[in-house]
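A short write-up of the structure that comes next.
The values are calculated or read from the model by the stated rules, or taken from the named source; none is laboratory data. Computed from a predicted structure; not experimentally measured. Quick reminder, even Gly has a Cβ in these numbers, built from the backbone with ideal geometry, and neighbours come from all protein chains shown.
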Amino acid sequence: MLASPFMDDPNFFRSVIYLVRHADDHAFGLILNRPTDFRMDKVVSMVCELECVHDRPLYCGGPVDGPLIALHDQPELGSEDCIDGLHMTSDQDKLLKLFVSPEAKLKLFDGFAGWGPGQLDDEIATGSWLIADVDADLVLSDDPEIWENLLKRIGQNILSVDEKITDSPIDPQWN
């Protein structure tokens, strides 16, 4: 999902969130387009004294403090399956294996976005969030224009409706 162009909350301005979980009592996601100035290999080497093979940014996953969380493409190292080809973990042993695995595609997050019961549903209903389908490659990419590209895709989907509504009046005032 992506923040509406009209959202002015600085925590989520022009953000794209991969919604990991949306249940009745809570929702949980990770902001995909908030790279920090910290590099994953440098952070991992300072925290774990481990030689991380991934020279990518560490991402700010949201305004809520939490453990380091990785979205990645390695099924055997996932604590939770997401969409096809995408897995998530915050398990320290699995993270350590991901850090030294050159074949793993991963994105590492510090913090997350969270909502209480009904809060996200209310925000979606008021137009604060737009819904877009994503795949694992898009989630794991470092595309700096992901918000803009998804917004364009949503607009094109709205404009390319195949079936016209035949009983819709030409002038909306006639409704």
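On the basis of being buried (at least 16 other Cβ atoms within 10 Å of the Cβ), among the polar types (S, T, N, Q) and on the phi < 0 side of the Ramachandran plot, does Ser45 make the cut?
No.
Filter the stretch 58-79 down to the residues that are under 15 Å from the mean Cα position of the chain (by Cα) and closer than 19 Å to Asp110 by Cβ and list them by number.
Those that are under 15 Å from the mean Cα position of the chain (by Cα) and closer than 19 Å to Asp110 by Cβ: Leu58, Tyr59, Cys60, Gly61, Gly62, Pro63, Val64, Leu68, Ile69, Ala70, Leu71, His72.
Pairs, please: C-beta under 9 Å, at least 6 apart or cross-chain, first residue closer than 11 Å to Ala136 by Cα and in the stretch 85-98, second part of a strand (DSSP E or B)?
Leu86/Tyr18; Leu86/Leu71; Leu86/His72; His87/Ala70; His87/Leu71; His87/His72; His87/Glu80; His87/Asp81
So, in the stretch 122-131, of the ones that are out of contact with any strand residue (DSSP E or B) (no Cβ under 6 Å at 6 or more places or on another chain) and in contact (Cβ under 8 Å) with a residue 12 or more places away in the chain, which residue ends up surrounded by the most Cβ atoms within 10 Å (Cβ to Cβ)?
The qualifying residue surrounded by the most Cβ atoms within 10 Å (Cβ to Cβ) is Trp129.
Just the residues that are of a type in the set (Asp, Glu) and touching a helix residue (DSSP H, G or I) at 6+ places or on another chain (Cβ under 7 Å), please, taken from the stretch 51-67.
Within the stretch 51-67, Glu51, Asp55 qualify.
Within the stretch 1-49, track down each residue that is within 22 Å of Glu80 (Cβ to Cβ) and part of a loop (DSSP other than H, G, I, E, B).
Met1, Ser15, Ala23, Asp24, Asp25, His26, Leu32, Asn33, Arg34
(1) β-branched (Val, Ile, Thr); (2) farther than 30 Å from Trp129 by Cα; (3) at pLDDT 95 or above: which one isn't true of Val16, the others all being true?
So Val16 meets the others, but not (2).
Answer yes or no as to whether Leu95 is over 15 Å from the mean Cα position of the chain (by Cα), more than 20 Å from Phe12 (Cβ to Cβ) and at pLDDT 95 or above.
Judged against the criteria, Leu95 is a match.
For Gly66, which of the numbered conditions (1) surrounded by fewer than 14 Cβ atoms within 10 Å (Cβ to Cβ); (2) modelled with pLDDT under 95; (3) in contact with a strand residue (DSSP E or B) (Cβ under 8 Å, 6 or more places away or on another chain) fails to hold?
If we test Gly66 against (1) surrounded by fewer than 14 Cβ atoms within 10 Å (Cβ to Cβ); (2) modelled with pLDDT under 95; (3) in contact with a strand residue (DSSP E or B) (Cβ under 8 Å, 6 or more places away or on another chain), just (1) comes out false.
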